[in-house]
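> My structure is below; once you've seen it, I'll send some questions.
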Ligand SMILES: Cc1cc2nc3c(=O)[nH]c(=O)nc-3n(C[C@H](O)[C@H](O)[C@H](O)COP(=O)(O)OP(=O)(O)OC[C@H]3O[C@@H](n4cnc5c(N)ncnc54)[C@H](O)[C@@H]3O)c2cc1C
């Protein structure tokens, strides 16, 4: 693998932590039980993996390091990787826009692994066009506090987090729908906040939730960053979230592909291993190419992000499409190659196959990412 010594060491560290804390049988058990692996999360936090700074003063997370951690977790404890994508985003928002008080009360404990954060943007009326569809409202009270009412859906880890970052409309949409939205820090135990777990077919080791806010009151100090500019602040971190999603998808692709290659070597038919059949070998070869291509793009995008290059957003978009395609391809091919065993819950392929779906549409759908590439890389007119 073509990476720096630091990245290679970090990769080894994550492998060691996962190996020591969460072997495949445990990951499978937690997935079946739909339980979050608190021990693995604590071990990752203890090793300092929530604080992967790129610069000496610790204001910017390292995109390269986060991608390495997330690829490794994506290939093993995938749900934990999905949770970590949200944590890294929450930490980044608090680091960039949090007040001194928020940094002390919330960011510091989160960095140490004491509690987690959920990020609540999507609403029932739409995820892609969320700014225009946003119904959640925050109204300022006479005493300066805010009252939040609305519904958020598909929110990762909201049931057992300590804090939620909630986007709510504080002014009517003007010329641009993305203005007039504010970011709030809401404690999970706030009165009027109700969380229910949604029944989904994938990412079972972290909850996916509906969050109902019924006149939830938070103080003036709950605003993160600038009032009315919350969505713009979030857009500033979306590049990192997409890149991190790509890294998890790459991990899923790798996990599924490794399992398929192993099975191809073991399983016999017509007196030889099924890996000897060209039809299967070609699929596996294509999978290897897709994985290497996705990793190369992720590494380039991460390096461009750390340098602050203009090219970072387009490279990230390409990396996200490449990685989610690699994941859907590797898991589909893996299921075919495993034949009947693909459907067995004793194997991991079925989980990779299910989990791979997430990053075809989250945090932004692949269609919208392609729209972005069309507009910003190819200079074509906006299609919507
Ligand atoms: C397991 C899970 C975890 C999630 N975690 C979170 C979370 O933690 N926080 C959070 O806020 N959200 C979360 N989400 C929500 C996720 O980000 C949204 O599902 C995603 O943004 C897509 O929105 P949507 O589902 O409403 O799809 P829609 O917006 O309804 O899109 C439906 C289809 O229309 C297509 N489409 C829409 N507009 C265009 C266009 N202009 N051009 C081409 N195609 C278009 C889309 O690509 C898609 O194929 C999660 C979702 C799931 C399932």
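> Place the peptides 266-278, 285-297 in order of packing, highest mean first, counting for every residue the other Cβ atoms within 10 Å and averaging per peptide.
Details: 266-278: 12.0, 285-297: 18.5.
Result, highest mean Cβ count within 10 Å first: 285-297, 266-278.
> Further question on the same structure: Which FRET efficiency, nearest 0.05, do residue 215 and residue 370 yield, Cβ-Cβ r, R0 30 Å?
Working: r = 40 Å, r/R0 = 1.34.
My answer for the efficiency is 0.15.
> A further question on this structure: Would the range 117-228 count as rounded, prolate or oblate if I go by the C-alpha gyration tensor, calling it rounded below 1.5 in a/c and otherwise prolate when a/b exceeds b/c, oblate otherwise? Please list the in-between numbers first.
On the way: a/c = 2.14, a/b = 1.32, b/c = 1.62.
Taking the square roots of the gyration eigenvalues as a ≥ b ≥ c, the range 117-228 is oblate.
> Measuring from label point to label point, each 7 Å out along Cα→Cβ, what is the residue 4 to residue 21 span in nm?
Result for the modelled spin labels: 2.4 nm.
> Once fully extended, how much extra length lies between residue 139 and residue 12, figured as 0.36 nm per residue of separation less the alpha-carbon to alpha-carbon distance? Provide the component values of the computation, followed by the final result.
Details: separation 127, 0.36 × 127 = 45.72 nm, distance 4.88 nm.
In short, 40.8 nm is gained.
> Right, next: Over the chain, what is the relative contact order in whole percent, taking alpha-carbon pairs under 8 Å and six or more residues apart?
Details: 710 pairs, mean separation 62.3, N = 384.
It rounds to 16 percent for the chain.
> Right, another one. Any number yet on Rg/Rh for the range 195-306, C-alpha, Kirkwood?
Numbers: Rg = 22.1 Å, Rh = 18.6 Å.
A ratio of 1.19.
> Over 32 Å apart: what share of the alpha carbon pairs of the chain falls there, rounded to a whole percent?
The proportion of pairs with Cα distances above 32 Å equals 33 percent.
> Per DSSP H run of at least 4 residues, take -39500 (n - 2.57); add these up for the chain, divide by its residues and hand me the 222 nm value, nearest 500 deg cm²/dmol.
Values: 13 runs with 191 residues, N = 384.
That calculation yields -16000 deg cm²/dmol at 222 nm.
> Turning to a different aspect of this structure: Classify the range 71-137: rounded, prolate or oblate, from the alpha-carbon gyration tensor (a ≥ b ≥ c, eigenvalue square roots; a/c under 1.5 rounded; otherwise prolate if a/b is larger than b/c)?
Numbers: a/c = 2.69, a/b = 1.15, b/c = 2.35.
Note, shape of the range 71-137 comes out oblate.
> A further question follows. Is the shape of the range 5-111 rounded, prolate or oblate, going by the alpha carbon gyration tensor and its root eigenvalues a ≥ b ≥ c, with a/c under 1.5 for rounded and a/b larger than b/c for prolate? Intermediate values should be presented prior to the final figure.
On the way: a/c = 2.39, a/b = 1.48, b/c = 1.61.
Here the range 5-111 falls in the oblate category.
> Let me ask something else. Helix 5-21 sits at what angle to the longest principal axis of the chain, using alpha carbons and giving 0 to 90 degrees rounded to 10?
Here the helix axis deviates by roughly 90 degrees.
> Another question, then. Which FRET efficiency value, to the nearest 0.05, do you get for residue 268 and residue 232 by plugging their Cβ-Cβ distance into 1/(1 + (r/R0)^6) with R0 = 51 Å?
That pair, residue 268 with residue 232, gives E of 0.30.
> To test your reading of the geometry: what angle, between 0 and 90 degrees and rounded to tens, separates the Cα axis of helix 366-376 from the longest principal axis of the chain?
70
> Tell me the angle of helix 24-33 to the major Cα principal axis of the chain, expressed in degrees between 0 and 90 and rounded to the nearest ten.
Computed tilt is about 50 degrees.
> If you don't mind, there's one more thing I want to ask. Quote the FRET efficiency, to the nearest 0.05, computed for residue 200 versus residue 293 with a Förster distance R0 of 41 Å and r equal to the Cβ-Cβ distance. Walk me through the numbers on the way to the answer.
Numbers: r = 29 Å, r/R0 = 0.72.
That gives a FRET efficiency of 0.90.
> Ranked highest first by the average count of other Cβ atoms within 10 Å around their residues, in what order do 78-89, 161-172 fall? Don't skip to the answer; put the middle values down first.
Working: 78-89: 25.9, 161-172: 21.7.
Highest to lowest by the protection proxy: 78-89, 161-172.
Readers should treat all values here as calculations from the given coordinates under stated rules, not as data from a laboratory. Being a predicted model, the structure only gives us computed values, none of them experimental. Don't worry about glycine lacking a Cβ; one is built from the backbone with ideal geometry, like all the others, and counts go over all protein chains shown.
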